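What follows is a set of notes on a single structure, which appears directly below.
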Amino acid sequence: MKVIIVGAGIIGALTAFRLAERGAEVTVIDAGQPAGAASGASFGWTNASFHADQDHFNLRLAAIAAHRRLGADLQSDAIRWPGCLCWEAQGDAFDEQHKALKALGYAVSEVSAQAFAELEPSVVAPSRALHFADEGAVDLAQLASEALQAGARHGVRVLAGLSVTALQETSGRIAGVQTLAGVLTADRVIVAAGVATEQLMAEVGAPVPMLRRPGLMVRSEPLPPLLNHILVSPEQELRQTPQGHLLAPTSAWHQGDNSDTVPEPLDALANRTMARVQEMIGRQVAWDQVTLAFRPVPQDGLPVIGACGPAGLYVTVMHSGATLAPLVAELAAAEVMESALSNTQLALLSPYRPARFTG
Ligand SMILES: Cc1cc2nc3c(=O)[nH]c(=O)nc-3n(C[C@H](O)[C@H](O)[C@H](O)COP(=O)(O)OP(=O)(O)OC[C@H]3O[C@@H](n4cnc5c(N)ncnc54)[C@H](O)[C@@H]3O)c2cc1C
């Protein structure tokens, strides 16, 4: 089966790999470079502690397991499992979060200030924190690149710097894509175009409404090893990459950030973020890069995964793609190749079908 994927972000890249493993002939088209949009700016925190409801928790938990499968399949160190120390919620909200996650069977425990200081000697210890032992940090650019390289061994081709201008509809079926370099045909088209998904889908009468959600990531100069975990305080999320850079989103609680504008000039935001980082680690740190990317957030905040619009078309768009991509890639590849999903897999996907927007 010939499949075109529009978008070589983390979703498109991993889906290409899983499809190629199943014998599909895959072409991935990206207007820029692989992982050049949201995936390249991501904080990369892989978690299920943040979730909207039980279904969303189940999906995220299954995605953590899919990350482990993918890491083994690709022999990749792009995903690491440092765990997370979180004291974002305070007072009663802290205890409620602890209780709720425990009731869900999540790997969560409370650590005292003293235990925190032993786990993170370079960080000003809060009075207590939650430890999420199974959470990870992923370098999405590295992972996308490794998946495309592994896919290439199964024949995956990448057309970079080529914009898809429209989906090609013939006799009520999607039969390929239009590009500035002409029409490319396929048996199936997957739209994994991040924030550009809404427009491509709307033109073939398939509504996937999305929000405008700018996200900003500040990167520090490289530093010697300082942090052992992903850290989540009420004011700041922070982690250190294997290359030594600290990564810090400019807004606290970034996964739930609802602002649709960038409130200040980027350098002012970066300075403010680094000032908060300094309070956390008790030392001055300079930033060397700030990246703005629009987060692909569907209108209801939840993933959109499934066949949609004219026959032959499939869509995958979501925030929390750093967490969800490996699972979405497995399930989307199976569905596009018309392999039967288990009841458990179907139950995971059923709240996230695109039909919810067509009423
Ligand atoms: C600042 C920030 C922090 C984040 N933090 C986290 C986090 O901690 N945990 C988490 O789980 N998630 C996080 N996310 C979300 C996560 O990074 C995204 O959900 C994920 O990267 C989306 O991947 P994608 O492949 O769908 O989209 P993208 O990475 O945006 O890729 C879409 C691709 O499609 C291409 N494209 C678009 N239009 C066309 C066209 N017409 N023709 C051809 N190509 C096209 C683009 O060039 C782009 O490369 C964060 C995102 C941001 C921005």
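Throughout, read-outs are computed from the coordinates displayed, never taken from laboratory work. Note that the structure is predicted; figures quoted are calculated from it, not measured. Every residue, glycine as well, gets a Cβ built from its backbone with ideal geometry; the counts of neighbours run over all protein chains shown.
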Would you work out which of Val164, Ala133, Gly182 lies farthest towards the positive end of the dipole of region 89-208, given +1 charges on the beta-carbon of Lys and Arg and -1 on that of Asp and Glu, about the Cα centre? Gly182
Could you check which residue among Val328, Val317, Val123 shows the biggest mean-square fluctuation in a GNM of the chain with a 10 Å Cα cutoff? Val123
Amide H neighbours of Val124 at under 5 Å, excluding residues fewer than 5 places away on the same chain, with H built from the backbone geometry, are Ile281, Gly282
For region 247-252, just list the computed ³J(HN,Hα) in residue order, Karplus coefficients 6.51, -1.76 and 1.60, θ = phi - 60°, integers in Hz, with x standing in for Gly and Pro. 10, 9, x, 6, 10, 5
For region 127-193, what proportion of DSSP beta bridges, expressed in % and rounded to the nearest 5, is antiparallel? 100
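Dipole of region 236-308, Cα-centred, from +1 at each Lys and Arg C-beta and -1 at each Asp and Glu C-beta, to the nearest 20 debye? Intermediate values should be presented prior to the final figure.
Working: 5 positive and 8 negative charges, 48 e Å.
With only Lys, Arg, Asp and Glu charged at Cβ, the dipole is about 240 debye.
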Name the long-range amide H neighbours of Gly176: under 5 Å, sequence gap of 5 or more, or other chain; modelled H, no Pro or chain starts. Gln168, Ala186
Through the Karplus equation 6.51 cos²θ - 1.76 cosθ + 1.60, θ set to phi - 60°, convert the phi angles of region 206-219 into ³J(HN,Hα) values in whole Hz; use x for Gly and Pro. 10, x, 10, x, 9, 9, 9, 9, x, x, 10, 10, 9, 10
If every Lys and Arg gets +1 and every Asp and Glu gets -1 at its Cβ, then about the Cα centre the chain yields a dipole, in debye to the nearest 20, of 620
Hey, if you put +1 on the Cβ of every Lys and Arg and -1 on every Asp and Glu Cβ in the chain, which of Gly44, Ala89, Ile29 ends up farthest toward the positive end of that dipole? Ile29
Provide the per-residue ³J(HN,Hα) series for region 178-183, in order, calculated from phi with Karplus coefficients 6.51, -1.76, 1.60 and θ = phi - 60°, each as a whole number of Hz, with x at glycine and proline positions. 9, 9, 5, 9, x, 8
Against the longest alpha carbon principal axis of the chain, how many degrees, from 0 to 90 and to the nearest 10, is the axis of helix 54-74 turned? 80
Output the antiparallel fraction of DSSP beta bridges having both residues in the chain, as a percent to the nearest 5. 70
Taking the Cα centre of region 62-160 as origin, work out the dipole magnitude from +1 charges on Lys and Arg Cβ and -1 charges on Asp and Glu Cβ, in debye rounded to 20. 500
Alpha-carbon centroid distance for the pair region 57-77 / region 235-314, whole angstrom: 22
